[in-house]
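See below for the structure under consideration.
The values are calculated or read from the model by the stated rules, or taken from the named source; none is laboratory data. These numbers come from a predicted model, not from an experiment. Please note: Cβ atoms are built from the backbone with ideal geometry, for glycine as well, and neighbour counts cover all protein chains shown. Quick note on the areas: whole protein, heavy atoms, side chains included, nothing else; ligands and nucleic acids left out. Shrake-Rupley method; radii C 1.70, N 1.55, O 1.52, S 1.80 Å.
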Amino acid sequence: MIRKIRSNWLPILLTIAIVVSLLLSWATWTNPSRYNSTDTDESSSTTAKVTNRAISDVFLPTQIIKNNTDGTQNLMYPKKRNLVVSAQQILQKWKFGRVEKLSTGSHSKYLSYLQRKDSLVMSYNDAVTTSVLNKVYDQSINTKKISKVQRIVVPRHNPKYIYLLNDDGFKVYRAKISKFSSMKLLRQITGESAKRYPIKTRLLNKTIIIDYTKPIKVPTYSYLLSKQTGNSFMSTLMNADQNESVSMHTEDNVTTYTDGTDKRMSVDNSTSMVTYENFASKDRSYSDSELLTDSFKKLTTIGVPLDNTRFESVDNSKNVVTYRDYVGGIPIYNSNNYGTMTVSYSSNNVQRYTFSLFSLQVPVPNKLDSKELPSTDEVISSLEAKGIKEKDIKGIRLEYEWKASESSDMVIDLEANYYVNYNNQWVKYTDVTNSD
């Protein structure tokens, strides 16, 4: 026995070391005191820096749908890898050629392409300009032929064309594929072990929605938070070295930083939301594409982490671009707008950014593995039972609610729920029913 131990002492010690390491790691992550540092301590070690992210990282589609050969549809929820990124890497090796318009204004034709059998659909929450799409997928699609794209439909077998769709005006285009790599890898990523939600893409009051045809179980997450201070954004936003030219004033729980008369940054200490304004920006008009690309450049200079951030929407009438944190293709919602960043350009030459001092850092173990939600039809029926007519619902989607964790102030829980666009506001569907 002793001889066996002596001859195998190295593997035994290595095994013991691994076990001890795993136990210590688990104890560290699950011990609430690990996260209970004060705001000052957490923030003092964090300094905002220019974020090193490419436009192709942030302007990715947020959903991926597999249209099966029998006409059924599944929303793919990745277990191991990001399917959207994998599909992007494949399509970057393809070559899209001549573009032609197939249909416009027809709901039925639009849905027929969106539900095309044996295909892959990648969707944005809002349309992006074709020039941005070209950067994401390394293409040279003619921007004069098609200006914006919201959905990409890719046949899974021997494709001759790729289909580019825009919900606004229900426009359908197709681009000829002049070069593509093996289809085997594309079929592999849409056929691998990923969670599938039975869905149907359909119209709800002229808006395309994801209709969950059966009750679903959506993963629940907990994340460790990182919190910065207003001071940490001095160098990147106020252009101040060692705070020499910046004055600071606190009133009614709001700390305001000013740099002469040109720049102002206000930090609401009760919500940890920041509003930055630059009054010296040049008066200029932005094309749709410039609005997206310039807002992204501004976003990277703020210094907030963008690992989970995706393009959310653009309001061309107000020159406002919104970015939002996503987890597993599902957007994060919070009443204080945590996880949401906006860049706006006003008519009086003011550039304005809004963002939070909080950001998601790393996932940590949580008590709940998933949450069960009803089907979309059941949600609509529950709203109608409270007197809310379907014609008044302008949209419905899944969102993760950013909730404070009971374990620590620096840990938050992400719990999925249905949100409906009611009275031009996104509201949790249970709150709508309870309010009437």
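Of note:
- Residue pairs exceeding 24 angstrom between C-alpha atoms, taken from K214/K371; K117/K214; K176/K206: K176/K206.
- Accessible area of segment 132-256 divided out per residue, in Å², using a probe of 1.4 angstrom: 48 Å²
- Solvent-free Debye scattering, log10 I(q)/I(0), computed from the Cα coordinates of segment 217-374 at q = 0.10, 0.15, 0.18 Å⁻¹: -0.42, -0.87, -1.15
- Between the beta carbons of S347 and N253, assuming R0 = 41 Å, the FRET efficiency works out to 0.85 to the nearest 0.05.
- Of the chymotrypsin sites (Phe, Trp or Tyr not before Pro) in segment 50-136, not one is in a loop by DSSP (not H, G, I, E or B) with at most 10 other beta carbons within 10 Å.
- Per-peptide average of other Cβ atoms within 10 Å, ordering 381-390, 67-76, 215-224 highest first: 215-224, 67-76, 381-390
- Whole-number accessible area per residue in Å² for segment 281-344, which is evaluated in the context of all protein chains at 1.4 Å: 39 Å²
- Surface share of carbon and sulfur [accessible, 1.4 angstrom probe, percent] for segment 102-237: 46 percent
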